[in-house]
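Engineer: Before we start, here is the structure in question, set down as structure tokens.
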Amino acid sequence: MQKTKIPYILNGTLFLVTLFLSLITDWNPPRWTGFGDSHDYLQQSAIPLNSREFYAPHQRDFSPRAFTVPLFYKLAGSKPEVIIQMQKFIHSLATLFLAYALLLIINRIWIRYLMLFSVYLLMSWWNILGWASQLLSESLSMSLLLCWIASFLLVWKKKNLLFIMLHILITILFSFTRDTWPYIIILFYFLITVFTVFSQRSFFPKAFFLLTCSVILFFAQLNTARVGHRHRFPLMNSIAVRILSNADYTAWFQVRGMPDIKILHSVYRRVDVTLDSDRHKIWNLYWNDNHKGFSDWTIDKGRKEYMKFILSHPSYFFLFHETKQQIQRIFAYNLDYTPDIRGYSRLTEPLFPLFGITSVSVFCVLLIILFFRKRDPILLFPVLLWLIFIANVFLSYNADAMEVERHLFITMIAIQLIGFISLALILDHVNTQSPSPSWKASSGRSSVLGMK
């Protein structure tokens, strides 16, 4: 047996072992029963697949959602116990896929083993695995994110049209797990396209094609969000949490006709989302008939006015006025949404988080330096991931100021993943005597960003 094949066989073995350990991990009692979002997903999953309302539902007796999560719930028969096991399987499958793709970009055998075990250790972290026991979007969104990254690496590595079509399919499913992802997807392909203008021009047609597809996907998803008024609750949250607490911001919206502003300001000017009582105040605002004018305004004009406000207040967008305590919510992990740590995750929990924002930033700087020395484009891949996840922080925080912890639990996961990939690539490239970048090699171990 060739030594180069052993990591791939080990990958399959680890997949089976961790899948088994995950499936036998107890998820009772069902904490999801107290989450309103879970019931929304289940209700939408009951709509027939041949109905337009499944993919772009209007506001009804539940809050409409992007269709991917309800789709997977429908495939599981809309049965919670089946959905949970299905999410665990997809989580393990995504780990297998990501590990396989990352093995392709590493040349040294011992670093392949390091990369392989790092991925499986990270995916056993309860901050990731614990979400699979809940009927919320986080588990599927995370799994499809990993599949999206892995499938893109295969697009760079392979010329086969099949991989491009697979990547587009995964991109669509991933995008429709949450309405902020289309912005990140466009940014990702835009940066790739710009890079191919200056390097790897043979990939430019594919990069531009993917960028074009992402723009079409963006407007399609934006239309479904408008139909279902999916921006309404996040906008209410942001106004209650960040706008009404600032007199100047409040005045800006008052001039532009936001209703009930004096009453709302008096109630929410000192709201603290770390307190359950204040969070309930905001939730009660959603269906309060006394503020129907404000609610209608968020649906009709609020989103456009909020976008104008962000564009004219860059310090607001870049969180300059947020307190240290508020900023710290970006790095939250092991939230109360998931049960207590269980199963084999207990063994790996003490390891994480292993990397911090400073160490990963240092890794990215080293990768940029190595790139200019080695001219191997794969060295910039972790830097690209770092940039889009930084963008995701600002986008998600400004999209919904109340659900920062839940929407950005992915930040610490991204830091760990980028840290492992960066360290592996640095070790793989330092002190190498190869006269040319690995992507020019003909041995089949070429870098994914160097496709001929």
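Engineer: Looking at segment 31-56 only, could you name the residues that are touching a residue at least 24 places away in the same chain (Cβ under 8 Å), open to solvent by 50 Å² or more (accessible area, probe 1.4 Å) and in a loop (DSSP other than H, G, I, E, B)?
Structural biologist: If the condition is that a residue be touching a residue at least 24 places away in the same chain (Cβ under 8 Å), open to solvent by 50 Å² or more (accessible area, probe 1.4 Å) and in a loop (DSSP other than H, G, I, E, B), then A46, L49 are the ones that fit.
Engineer: Here is a further query. Could you please find all residues in segment 341-386 being open to solvent by 20 Å² or more (accessible area, probe 1.4 Å), of a type in the set (F, W, Y) and under 15 Å from L417 (Cα atoms)?
Structural biologist: Passing the criteria: F355, F363, W386.
Engineer: Moving to a separate point now. Restricted to segment 149-163, and to residues that are of a type in the set (K, R) and not in a helix (DSSP H, G or I), which residue is surrounded by the fewest Cβ atoms within 10 Å (Cβ to Cβ)?
Structural biologist: K159
Engineer: Next question, about the same structure. List the residue pairs whose Cβ atoms are under 8 Å apart, where the first residue sits in segment 79-97 and is farther than 21 Å from H39 by Cβ and hydroxyl-bearing (S, T, Y), the second is open to solvent by 10 Å² or more (accessible area, probe 1.4 Å) and not in a helix (DSSP H, G or I), and the two are 6 or more positions apart or on different chains.
Structural biologist: Pairs that qualify, where the first residue is farther than 21 Å from H39 by Cβ and hydroxyl-bearing (S, T, Y) and the partner is open to solvent by 10 Å² or more (accessible area, probe 1.4 Å) and not in a helix (DSSP H, G or I): there are none.
Engineer: When the residues of segment 188-206 are filtered to those that are open to solvent by less than 30 Å² (accessible area, probe 1.4 Å), assigned to a helix (DSSP H, G or I) and modelled with pLDDT under 95, which remaining residue is farthest from L385 (Cα to Cα)?
Structural biologist: F203
Engineer: If the Cβ limit is 7 Å and pairs must be 6+ apart or interchain, which residue in segment 313-342 that is closer than 18 Å to F409 by Cβ pairs with which residue that is part of a loop (DSSP other than H, G, I, E, B) and among the acidic types (D, E)?
Structural biologist: R342/D26
Engineer: Ok, one more. Of the residues that make up segment 390-398, is at least one in contact with a His (Cβ under 7 Å, 6 or more places away or on another chain), at pLDDT 95 or above, outside any loop (DSSP other than H, G, I, E, B) and over 19 Å from L191 (Cα atoms)?
Structural biologist: Yes, segment 390-398 has at least one match.
Engineer: Going by the conditions given, is L335 within 26 Å of A225 (Cβ to Cβ), in a loop (DSSP other than H, G, I, E, B) and either at pLDDT 95 or above or β-branched (V, I, T) (or both)?
Structural biologist: Spelling it out, it is not the case that L335 is within 26 Å of A225 (Cβ to Cβ), in a loop (DSSP other than H, G, I, E, B) and either at pLDDT 95 or above or β-branched (V, I, T) (or both).
Engineer: Among the residues in segment 11-27, are any assigned to a loop (DSSP other than H, G, I, E, B) and of a type in the set (D, E, K, R)?
Structural biologist: Within segment 11-27 (the criterion being assigned to a loop (DSSP other than H, G, I, E, B) and of a type in the set (D, E, K, R)), the answer is yes, since at least one residue qualifies.
Per-residue answers, yes or no, for (1) surrounded by 12 or more Cβ atoms within 10 Å (Cβ to Cβ); (2) in contact with a Ser or Thr (Cβ under 8 Å, 6 or more places away or on another chain); (3) farther than 27 Å from R60 by Cα; (4) touching a residue at least 60 places away in the same chain (Cβ under 8 Å):
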| position | (1), (2), (3), (4) |
| --- | --- |
| K262 | no, no, yes, no |
| V271 | yes, yes, yes, no |
| D278 | yes, no, no, no |
| N284 | no, no, no, no |
| H291 | yes, no, no, no |
| I299 | yes, no, no, yes |
| Y306 | yes, yes, no, yes |
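Engineer: For I330, are the conditions met, namely being part of a helix (DSSP H, G or I), at pLDDT below 95 and out of contact with any Pro (no Cβ under 7 Å at 6 or more places or on another chain)?
Structural biologist: No; evaluated as a whole, the condition is false for this residue.
Engineer: Let me ask another. Would you mention how many residues in segment 368-387 are touching a residue at least 24 places away in the same chain (Cβ under 8 Å) and within 14 Å of I357 (Cα to Cα)?
Structural biologist: Matching residues across segment 368-387 total 4.
Engineer: Follow-up question, since we're still on this one. List every residue pair whose Cβ atoms lie under 8 Å apart, where the two residues are 6 or more positions apart in sequence or sit on different chains, the first residue falls within segment 245-256 and is closer than 20 Å to Q326 by Cβ, and the second residue, located anywhere, is part of a helix (DSSP H, G or I) and open to solvent by less than 40 Å² (accessible area, probe 1.4 Å).
Structural biologist: Listed by first residue and then by second, the contacts come to S245/Y268; Y249/R242; Y249/I243; Y249/F309; Y249/Y316; T250/I243; T250/I261.
Engineer: With the structure loaded, tell me whether N284 is closer than 13 Å to N237 by Cβ, of a type outside the set (D, E) and assigned to a helix (DSSP H, G or I) or whether it fails that test.
Structural biologist: yes
Engineer: Of the numbered conditions (1) in a loop (DSSP other than H, G, I, E, B); (2) open to solvent by 30 Å² or more (accessible area, probe 1.4 Å), A401 satisfies every one except a single condition; which is it?
Structural biologist: It is condition (2) that A401 fails.
Engineer: Scan segment 311-327 for residues that are assigned to a helix (DSSP H, G or I), exposed (fewer than 10 other Cβ atoms within 10 Å of the Cβ) and either within 23 Å of the chain's Cα centre (by Cα) or among the aromatic types (F, W, Y) (or both) and jot them down.
Structural biologist: Q325
Engineer: Please work out if I378 is of a type in the set (V, I, T), over 13 Å from L145 (Cβ atoms) and over 14 Å from the mean Cα position of the chain (by Cα).
Structural biologist: Yes, satisfied.
Engineer: If I go through segment 207-256 residue by residue, how many of them are assigned to a loop (DSSP other than H, G, I, E, B) and either within 26 Å of S175 (Cβ to Cβ) or charged (D, E, K, R) (or both)?
Structural biologist: Total satisfying the criteria: 5.
The values are calculated or read from the model by the stated rules, or taken from the named source; none is laboratory data. In this text, all values refer to a predicted model and were calculated from it rather than measured experimentally. Methodologically, a virtual Cβ is constructed for each residue, glycine included, from the backbone with ideal geometry; neighbour enumeration extends over all protein chains shown. The area values use the complete protein model at the heavy-atom level, side chains included, leaving out ligands, DNA and RNA. Shrake-Rupley method; radii C 1.70, N 1.55, O 1.52, S 1.80 Å.
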